[in-house]
1. I need the full set of residues from segment 58-91 which are in a helix (DSSP H, G or I), more than 16 Å from the chain's Cα centre (by Cα) and polar (S, T, N, Q), in order please.
2. What pairs come up if the first residue lies in segment 166-177 and is under 19 Å from Leu154 (Cβ atoms), the second is assigned to a helix (DSSP H, G or I) and within 12 Å of the ligand (Cβ to nearest atom), and their beta carbons are under 6 Å apart, counting only those six or more places apart or on different chains?
3. Output the residue which, of all residues in segment 204-227 that are assigned to a loop (DSSP other than H, G, I, E, B) and within 16 Å of the ligand (Cβ to nearest atom), is nearest to the chain's Cα centre (by Cα).
4. Kindly provide the set of residues from segment 170-194 that are within 16 Å of the ligand (Cβ to nearest atom), farther than 18 Å from Leu238 by Cβ and either of a type in the set (Gly, Ala, Ser) or not in a loop (DSSP other than H, G, I, E, B) (or both), ordered by number.
5. Pairs under 7 Å by beta carbon, first residue touching a residue at least 12 places away in the same chain (Cβ under 8 Å) and under 16 Å from Thr163 (Cα atoms) in segment 104-119, partner among the aliphatic types (A, V, I, L, M) and in a helix (DSSP H, G or I), six or more apart or different chains?
6. Scan (1) more than 24 Å from Leu201 (Cα to Cα); (2) modelled with pLDDT of 95 or more for the single condition Gln47 breaks and write down its number.
7. Among (1) farther than 23 Å from Arg95 by Cα; (2) without any contact (Cβ under 8 Å) to a residue 12 or more places away in the chain; (3) among the polar types (S, T, N, Q), which single condition is Ser131 missing?
8. Mind checking which pairs have a first residue in segment 196-208 that is farther than 22 Å from Ile69 by Cα and a second that is within 13 Å of the ligand (Cβ to nearest atom), Cβ under 9 Å, 6 or more apart or different chains?
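The values are calculated or read from the model by the stated rules, or taken from the named source; none is laboratory data. What you see is a predicted model, and the numbers here were worked out from it, not measured in a lab. In this analysis, Cβ positions are derived from the backbone assuming ideal geometry, glycine residues included, and neighbour counts consider all displayed protein chains.
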Amino acid sequence: MDRRRLLLLTAAGVLGATVGRGTAGLVEEPATRHRGLLQPAAATPVQPPGTMPPPVGVVDQLPGAADRIALTIDDGVSSEVVEAFTTLATETGLRLTLFPNGCYRSWTDNARALRPLVESGQVAMGNHTFSHPDLCTIDDAAVAEDISANRRFLADTFGAGETPFFRPPYGSHDARVDRIAADCGHPTVVMWNGTLGDDRLLTPDQLMASARRWFAGRSITIGHANHPTVTTVFDQLLALLAERALESVTLADVWAAPR
Ligand SMILES: [Zn+2]
């Protein structure tokens, strides 16, 4: 078993760590602690199926168990970063929710590797618009067209157009945008209560400082597949999940339409 896999199993709570869930995730953990990494993992984590229908309106944290975190990765400016996230998920079983913009070729570049992860449910998809405009600055028809274009893109590329989840670019939305997104088939507006801070270029230390600040139970954490910094700290991020006994889940693990 490679080290990443072991880190992830540790992150899933298999080893029973109970540290680090401070109030609102603001309690910092020592960066160098690697509790339990030398112990064998007992079993592959089993994900609960989505038991609640997707809410209509805005969500910014997970309901339910306090040991779950939703890692959500946006945009996809860099094909190399999307490839790295895909490899990470494939090698470790890490569960991710992706919010691609169809205007970036990174997604078609990596579609062959991503598609099995989407089909298995390990990776969920949400709509982040096709071209990443500030939706509050464009008219109703333009909002609907950009969302619908990305819905078609997600359907054609990943078979994932039916996702209920919508994330407005820049977090910029209002009641009008929310209503149009819902009319386009995406009633659940996914904001966040934790961030890797990597919508701008960070050093690895800066990125890990954000992660230590925000990784916490019930968090919806936002990150980006834009700058390569995040790919240099994957092992540290997995170790942090393990230290805090956090289990990665997709938004669809939490909220799924009844079949
Ligand atoms: Zn974005």
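1. Of segment 58-91, the ones in a helix (DSSP H, G or I) are 79-91.
Okay, now just the ones that are also more than 16 Å from the chain's Cα centre (by Cα), so 79-80, 91.
Ser79, the sole residue that qualifies.
2. Pro168/Leu135; Val177/Leu135
3. Just the residues of segment 204-227 that are assigned to a loop (DSSP other than H, G, I, E, B), to begin with: 215-218, 225-227.
Checking which are within 16 Å of the ligand (Cβ to nearest atom) leaves us with 225-227.
Details: Ala225: 11, Asn226: 14, His227: 16 Å.
In this case the residue turns out to be Ala225.
4. Residues of segment 170-194 that are within 16 Å of the ligand (Cβ to nearest atom), as a first pass: 170-173, 177, 181, 186, 189-192, 194.
Those still in the list that are farther than 18 Å from Leu238 by Cβ too: 170-173, 177, 181, 186, 189-192.
If the condition is that a residue be within 16 Å of the ligand (Cβ to nearest atom), farther than 18 Å from Leu238 by Cβ and either of a type in the set (Gly, Ala, Ser) or not in a loop (DSSP other than H, G, I, E, B) (or both), then Tyr170, Gly171, Ser172, Val177, Ala181, Val189, Val190 are the ones that fit.
5. Correct list of pairs: Leu117/Ala89.
6. The failed condition is (2).
7. Unmet condition: (2).
8. Arg200/His227; Leu201/Asn226; Leu201/His227; Leu202/Leu196; Leu202/His227
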